[in-house]
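The values are calculated or read from the model by the stated rules, or taken from the named source; none is laboratory data. Model, not experiment: these values are computed from the prediction. Here the Cβ positions follow ideal geometry from the backbone for every residue, glycine too, while neighbour counts run over all protein chains shown.
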Amino acid sequence: MDSTDIVRRPWDETASAGVSETKTLALDGVITLASGRSLEGVQVAYETWGDLDRDGSNAVLVCHALSGDSHLAGLRPGEDPETAQPGWWDVMVGPGKAVDTDHFFVVCCNVLGGCSGTTGPSSVDPETGKPWGLHFPMVTIEDMVDVQARLLQALGVHRLLAVVGGSMGGMQALAWAKRYPDRVGSVVADATTWRLGPQAIAFNEVGRRAILEDPSFAGGDYYDAESQPESGLSIARMIGHITYLSDESMHKKFGRRLQASADYAYDFVSEFQVESYLAYQGARFVERFDANTYLYMTKAMDYFDLQGDAPSLAESLRGVSARFLVLSFSSDWLFSTARSRELVAALREIGAEVTFAEIPSAYGHDAFLLEPEAQHKLIAPFLANGLRRVSSAGEVQ
Amino acid sequence: MTPRELLRADQRFIADLVPQGARVLDLGCGDGALLARLREERGAIVRGVEIDLDNIARCVERDVPVYQGDLDEGLADVPTDRFDVVILSQTLQVVKRPRLVLTEMLRVGRRSVVSFPNFGHWRVRAHLALRGRMPVSDAIPYSWYDTPNIHHTTIADFRDFSADCGAVIEREIAFVGGDGGRPQLVRVGSNLLADEAVFVLRRK
């Protein structure tokens, strides 16, 4: 390590991953889903950073969360670096960052059922020539993973050095380790869970109800209509945001402060800063997200249960060979440390190599997007050691 | 190859006690130096438990799997006899519940290795007896008001304590002068003459 490494804070180097273009791959054949239904002609939107080694051993798949997309880091073509918002995990992906694009071939794709280029409920159903809407088959976390596996195969990646994900992305990472044990070397399960508890399912259901009962939702067939289910989707997003924050972070960020005036209006207008924040987040979300996709994503999360039909979680994980880094955040009550410890206990029981740490943070579930330094210090060496092991194994051969 | 890092004297004794290919759990493993050494030299399968996040990051850098946990909460997640060797190196004196920690070690490992500073050492006794002051020494370097050491013990006390916890003492290594130079083994009168000790225990 030289002296410049000591002061360097790679997570602060905005958009250092450079410019990446979203590409689309059409998968051949049929994808059979957990529900028993199948999909043909699935399109996958993806982006890549860095170069794949000759032996294809340095690929890292990063899986996005509920509202994410394939635009993981850096800028899109033509974006102004001064004003553009970089990708959703820009702090963690780029040269010298935890997911180091100088060393890894990094892939991120929009999940099945999404609304950012991959086939989902807003895509056209080839049988009717109209958007799928609620006729789109239900998708599970495992279905998303199967689509990712097909994409990687097409990109020449037969084994992942690592799969990394936060929140719903972490569920995908865990599903990868179990579903494709021979194709995953390392797993970073960040601010995630092996299954949601009733509290999280309850919040998801309230969000779905807000959408389903919006008169403009029209049974999911709103794409050509004049009015869109914006009210329902924005309420769902507002509820989501409350669950991503912590009591402490809300106190710090908003307190009881009023947005515009010094006195109460004695009216039902938006007055408190926290109200304006939620309204703003809701309004911004409907500009970029599809209400049907929100329904499908939250349902996929609710259905996810790594244990499946096995008598115990540990039993369900027998045969998993990856090494794991499991991270939780102290104030994250939605994806709590207690659930992460259950996962880690099961992994230890089967003898897996697992490192677990709870990062202290006041940011709640959002911490995995907002605490780059602590995550960098754990994820960067974890992934680097994964690469070192593969390289030294290659030398031996 | 990176240069071999210096291990503490007690860790060097512990390293010599670990058989080839053993499954080793180090409780309060710190920066993972001992475990990394055991993996390198003994081909050991290593796991650590540590509470401090910076230390955990050091362990990750060394590629040592580590679990963030509080030893005072026990090892409920760990199955019985999962490990060949469980290490508690210079950590017994900082835990709140030494009995829980030792009985859990005996449960999850076939052998337990415990090292600690000996409060029965003559300098410690002299400090208190002659000066009337709380002892501060190389092996016990903290002032009474900011010490993490809340459960000091002597070699004689530890013998009783381990028996009381259902352990058989297999080996006892007492030494002096661990810091820096070559430690000198103390074979006679260890409770008075040794300033550190390493015990190897197993379940009765």
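Any residue that is within 20 Å of the chain's Cα centre (by Cα) and closer than 27 Å to A:R159 by Cβ - is there at least one of those in the range A:276-287?
Looking through the range A:276-287, none of the residues is within 20 Å of the chain's Cα centre (by Cα) and closer than 27 Å to A:R159 by Cβ.
Every residue, every condition in (1) among the polar types (S, T, N, Q); (2) assigned to a strand (DSSP E or B); (3) in contact with a strand residue (DSSP E or B) (Cβ under 8 Å, 6 or more places away or on another chain), yes or no:
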position	(1), (2), (3)
A:M138	no, no, no
A:D143	no, no, yes
A:A149	no, no, no
A:V157	no, no, yes
A:G165	no, yes, yes
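Please work out if A:L369 is closer than 16 Å to A:M92 by Cβ, touching a Gly at 6+ places or on another chain (Cβ under 8 Å) and not aromatic (F, W, Y).
So A:L369 fits the description; yes.
Checking A:H251 against (1) touching a residue at least 40 places away in the same chain (Cβ under 8 Å); (2) closer than 26 Å to A:A362 by Cβ, which test does it fail?
(1)
Looking at A:G74 and the list (1) more than 20 Å from A:W176 (Cα to Cα); (2) surrounded by 24 or more Cβ atoms within 10 Å (Cβ to Cβ), which single condition is not satisfied?
(2)
Scan B:V188, B:V114, B:V136 and give me the residue that is part of a loop (DSSP other than H, G, I, E, B), surrounded by 13 or more Cβ atoms within 10 Å (Cβ to Cβ) and aliphatic (A, V, I, L, M).
B:V136
Residues in the range A:220-237: is at least one without any contact (Cβ under 8 Å) to a residue 24 or more places away in the chain and assigned to a helix (DSSP H, G or I)?
The answer is yes; a qualifying residue exists.
Take the residues in the range B:121-133 that are in contact with a helix residue (DSSP H, G or I) (Cβ under 9 Å, 6 or more places away or on another chain) and surrounded by fewer than 22 Cβ atoms within 10 Å (Cβ to Cβ); name whichever of them is farthest from B:L201 (Cα to Cα).
Among those residues, the one meeting the criterion is B:R133.
Could you run through the range B:140-163 and say how many residues are acidic (D, E) and surrounded by 13 or more Cβ atoms within 10 Å (Cβ to Cβ)?
Looking only at that region, the number is 1.
What is the one condition in (1) modelled with pLDDT of 95 or more; (2) under 19 Å from the mean Cα position of the chain (by Cα) that B:Q93 does not satisfy?
Result: B:Q93 passes all but (1).
So B:D77 passes all but one of these: (1) more than 10 Å from chain A (Cβ to nearest Cβ); (2) closer than 21 Å to A:E358 by Cβ; (3) among the charged types (D, E, K, R). Which condition number does it fail?
(1)
Take residues that are surrounded by fewer than 19 Cβ atoms within 10 Å (Cβ to Cβ) and tell me which of the strands (runs of 3 or more DSSP E) falling wholly in the range A:1-69 contain 2 or more.
It comes to A:23-26, A:30-32, A:38-40.
What do you reckon, is A:A338 farther than 30 Å from A:R208 by Cα and in contact with a Ser or Thr (Cβ under 9 Å, 6 or more places away or on another chain)?
No.
Of the conditions (1) within 14 Å of chain A (Cβ to nearest Cβ); (2) in contact (Cβ under 8 Å) with a residue 40 or more places away in the chain; (3) within 26 Å of B:F175 (Cβ to Cβ); (4) not acidic (D, E), B:N55 satisfies every one except a single condition; which number is it?
Status for B:N55: all satisfied but (2).
Quick check on this structure: which one of A:L39, A:L25, A:L33 is touching a strand residue (DSSP E or B) at 6+ places or on another chain (Cβ under 8 Å), under 22 Å from A:L161 (Cβ atoms) and either outside the structural domain of A:Q375 (by TED's automatic domain parsing) or modelled with pLDDT of 95 or more (or both)?
Only one candidate qualifies: A:L25.
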